[in-house]
Amino acid sequence: MIFVPKQKSILPGFGLSMGFTLAYLGLLVLIPLSMLFLRSASLSWSDFWATAFSSRTLAAYKLSFGASLLGASINAVFGFLVAWVLVRYEFPGKRMMDALVDMPFALPTAVAGIALTAIYSQNGWMGKLLAPFGIQAAFSPLGVVIALTFVGLPFVVRTLEPVLQEIDKEVEEVAASLGANRLQTFLKVIFPALGPALLTGFSLAFARALGEYGSVVFISGNMPFKTEIVPLLIMTKLEQYDYTGARVIAVVMLVASFSLLLVINLLQAWTRRGQS
Amino acid sequence: MSIEVQNITKIFGDFTALKDVSLHIPAGELTALLGPSGSGKTTLLRIISGLEVPDAGTVFFHGEDMNGTHARDRKVGFVFQHYALFRHMSVYDNVAFGLEVLPRKVKPRKKEIREKVHQLLSLVQLDRLGGRFPSQLSGGQRQRVALARALAVEPKVLLLDEPFGSLDARVRRELRHWLRKLHDEIHVTSVFVTHDQEEALEVADRVVVMNEGRIEQVGTPDDVYHHPATPFVYNFLGNVNLFHARVEGGKAYFGDAVFDLPQGQMQHDTSSAMIYVRPHLLDITRESSGKNDLKARIIYINMAGPVVKIELLSARRDSIQVEISQEHFERLRLKKHEEVYVRPKELKVFTQDYSI
């Protein structure tokens, strides 16, 4: 047995805080989620497989993960731009614009869904402009992507802002004095410094999009095999009192989201190497 | 390569950082820009580097007008006080940066870059640490990485902005000796900014003393220390005692005391002269010789250090600082509250038309 000398601290120490953390996470996250596994474990393997990977659910997984990834990627690019403009420049109306970024956060998602549908449906403002090109925004997978992009925006902007602010002007000046042009300075100096934060923003936007329900159900039209997202599918099953089916799909979603977030986290640790 | 600064003016909002400053920096020398904060020294350095654009005036490198030339094309190495290292890059990649961003046509091959970086890292004595990240280095090591990085592009001019400002006293002293040695080896025209007079006097070939956006004096360390051109320079380059006196017929009158003014310092008669004496140029005696000395009472004695520091109060309640050697102090056996006479061994007179 090794005795570690107890370290004195002003705040309640490791024992208390760790105990509280475990209890809190257990009660709030772990126990409800493990119930999912326990309940769906009553199914036989073949039944599980049949429910989890029927052609309809497969289509829903594809749409949910695909649209979420796409939405998060779009946000990673344009959210970056928004954060850049908000941090780097002074202009009239900057505070307004800053407040606007949080709107998708604050709005009840159903409101967002109704607003987006109104604009992107065939006789809405945007829908009218897109229709001549044969593009149907509402009631199509594109609509799902639009809604998921909408709800994910604040995550990228808000995670990037503080990191952008922290980037030293001197670092850019050094790069310039060493002969780097603007593009090189951006690609080699600024962008790598933002990498971890950008990944965090991306994964948050992605996670949010995966779980999003309210704003999507209005704009997607909910056609099975075409515009049905997984959360909606789960809702449908629940409404049909098919609790086991809902649970099975939930377990698949849980495992898939968890592994994806884990991969993103590992990627983040890799980009953060050396920067402690 | 020599640097010529001509009539530079720089204004930030309603603050004039530089007022019509002209300066010649000879090739191959190590020059210090010395002054208190807000004196414009860093602004001048940044204008030379091209990171700041002057409102008026011109910078010449070796006779060539640099005004339209961007910082990245000036071939200057710039070292910041807080190192400004690229945190996500290893020490090696930091140093290699300037070579990696060269246009493809002139970019050296991988092997040449590697050799060059290792050569520079051994020059700054960090050869073993190429794989570390900046966060794993001490302050002194980081600053040496920053210096190696600046030297990698073979700059024609090396500019350092308070390079040792954020290091602790011991490392600072070590690094400045090391910088002097390095400069003797590579002889690149270098300018460094500092507010530490000791640093400037110890390291530089030439010291430029600045105050309130103007240059007060340019000279060798010896020059500016022993022959200060203005009261400001005298004041800034060490502790001083200041006496307001009346000058009449080559003598200075200060209260009851009369001082003979040295030859060459004969000022025209004035009622508002200022006499400057450094603490170590004052002597203390028990007896008055009736001339050239001033009665004062000892109020504080500090014996810690190589010299004894004594604070006195004159009859007119002026505070006087004196520094004498430990031996001299032992001989005199001075005590607190004792009345003694203070005699300047050397003094410097400025009339009021100079302002501090």
Checklist outcome for this item: Condition set open to solvent by 20 Å² or more (accessible area, probe 1.4 Å) and in contact with a helix residue (DSSP H, G or I) (Cβ under 6 Å, 6 or more places away or on another chain), scope the range A:172-183, selection farthest from A:MET235 (Cα to Cα): answer is A:GLY179
Checklist outcome for this item: Only one of (1) open to solvent by 40 Å² or more (accessible area, probe 1.4 Å); (2) within 30 Å of A:ALA250 (Cβ to Cβ); (3) without any contact (Cβ under 8 Å) to a residue 60 or more places away in the chain does not apply to A:SER17, and that is (2)
Item to check | Test set (1) closer than 21 Å to B:SER49 by Cβ; (2) in contact with a strand residue (DSSP E or B) (Cβ under 7 Å, 6 or more places away or on another chain); (3) of a type outside the set (S, T, N, Q) - B:LEU201 fails condition number | outcome: (1)
Item to check | Check on B:ALA84, within 30 Å of B:LYS111 (Cα to Cα), in contact (Cβ under 8 Å) with a residue 24 or more places away in the chain and assigned to a loop (DSSP other than H, G, I, E, B) | outcome: yes
Next on the checklist: Of everything in the range B:108-146, what is within 14 Å of chain A (Cβ to nearest Cβ) and open to solvent by less than 40 Å² (accessible area, probe 1.4 Å)? Give them in sequence order.
Outcome noted: B:PRO108, B:ILE113, B:VAL117, B:LEU120, B:LEU129, B:GLY130, B:PHE133, B:PRO134, B:LEU137, B:GLN143, B:VAL145, B:ALA146
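Residue-by-condition table, conditions (1) in the same structural domain as B:GLN125 (by TED's automatic domain parsing); (2) farther than 27 Å from B:ASP73 by Cβ; (3) part of a helix (DSSP H, G or I):
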site: B:ARG144; (1), (2), (3): yes, no, yes
site: B:ALA150; (1), (2), (3): yes, no, yes
site: B:LEU175; (1), (2), (3): yes, yes, yes
site: B:ARG180; (1), (2), (3): yes, yes, yes
site: B:ASP184; (1), (2), (3): yes, yes, yes
site: B:PHE192; (1), (2), (3): yes, no, no
site: B:GLU202; (1), (2), (3): yes, yes, yes
site: B:VAL208; (1), (2), (3): yes, no, no
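Kindly indicate whether A:LEU22 is under 24 Å from A:LYS226 (Cβ atoms), surrounded by fewer than 13 Cβ atoms within 10 Å (Cβ to Cβ) and at pLDDT 90 or above.
Details: under 24 Å from A:LYS226 (Cβ atoms): no; surrounded by fewer than 13 Cβ atoms within 10 Å (Cβ to Cβ): yes; at pLDDT 90 or above: yes.
In short, no.
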Item to check | Index of the failed condition, B:ALA32 passing every other in (1) within 19 Å of the chain's Cα centre (by Cα); (2) within 14 Å of another protein chain (Cβ to nearest Cβ) | outcome: (2)
Checklist entry - Can you name the condition, by its number, that B:LYS105 falls short on among (1) surrounded by fewer than 18 Cβ atoms within 10 Å (Cβ to Cβ); (2) under 19 Å from the mean Cα position of the chain (by Cα); (3) within 14 Å of chain A (Cβ to nearest Cβ)? => result (2)
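Each row is one residue, and each column tells you yes or no for (1) open to solvent by 50 Å² or more (accessible area, probe 1.4 Å); (2) within 22 Å of B:PRO231 (Cα to Cα).
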site: B:ASP260; (1), (2): yes, yes
site: B:HIS268; (1), (2): yes, yes
site: B:ILE298; (1), (2): no, no
site: B:ALA304; (1), (2): yes, no
site: B:ASP318; (1), (2): no, yes
site: B:THR351; (1), (2): no, yes
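Do we have A:PHE139 as open to solvent by 10 Å² or more (accessible area, probe 1.4 Å), in contact (Cβ under 8 Å) with a residue 12 or more places away in the chain, outside any helix (DSSP H, G or I) and more than 14 Å from chain B (Cβ to nearest Cβ) here? Break it down stepwise before answering.
Values: open to solvent by 10 Å² or more (accessible area, probe 1.4 Å): yes; in contact (Cβ under 8 Å) with a residue 12 or more places away in the chain: yes; outside any helix (DSSP H, G or I): yes; more than 14 Å from chain B (Cβ to nearest Cβ): yes.
Against the criterion (open to solvent by 10 Å² or more (accessible area, probe 1.4 Å), in contact (Cβ under 8 Å) with a residue 12 or more places away in the chain, outside any helix (DSSP H, G or I) and more than 14 Å from chain B (Cβ to nearest Cβ)), A:PHE139 qualifies.
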Checklist outcome for this item: Among the residues of the range B:47-80, the number that are in contact with a Leu (Cβ under 9 Å, 6 or more places away or on another chain) and either without any contact (Cβ under 8 Å) to a residue 24 or more places away in the chain or open to solvent by 50 Å² or more (accessible area, probe 1.4 Å) (or both) is 3
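Being open to solvent by 50 Å² or more (accessible area, probe 1.4 Å), more than 10 Å from chain B (Cβ to nearest Cβ) and at pLDDT 90 or above narrows it down to one residue among A:PHE218, A:PHE202, A:PHE186, A:PHE206; which is it? Please lay out each step first, then the result.
On the way: A:PHE218 fails: at pLDDT 90 or above; A:PHE202 fails: open to solvent by 50 Å² or more (accessible area, probe 1.4 Å); A:PHE206 fails: open to solvent by 50 Å² or more (accessible area, probe 1.4 Å).
When all the criteria are applied, what remains is A:PHE186.
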Checklist outcome for this item: Going through the range B:59-96 in order, the residues found to be at positive phi, under 25 Å from the mean Cα position of the chain (by Cα) and more than 10 Å from chain A (Cβ to nearest Cβ) are B:HIS62
Checklist entry - Within the set of pairs 6+ apart or on separate chains, which have a first residue in the range A:90-117 that is within 16 Å of A:THR159 (Cα to Cα), a second that is of a type in the set (Gly, Ala, Ser), and C-beta atoms under 8 Å apart? => result A:PRO104/A:ALA112; A:PRO104/A:GLY152
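Yes or no: B:SER355 at pLDDT 90 or above and either in the same structural domain as B:ALA229 (by TED's automatic domain parsing) or more than 18 Å from B:PHE254 (Cβ to Cβ) (or both)? Break it down stepwise before answering.
Values: at pLDDT 90 or above: no; either in the same structural domain as B:ALA229 (by TED's automatic domain parsing) or more than 18 Å from B:PHE254 (Cβ to Cβ) (or both): yes.
Judged against the criteria, B:SER355 is not a match.
The values are calculated or read from the model by the stated rules, or taken from the named source; none is laboratory data. None of these values were measured; they are calculated from a predicted model. Using ideal geometry, Cβ is built from the backbone for each residue, glycine included, and neighbour counts are taken over all protein chains shown. Protein only, heavy atoms only, side chains kept; ligands, DNA and RNA dropped before computing areas. Shrake-Rupley method; radii C 1.70, N 1.55, O 1.52, S 1.80 Å.
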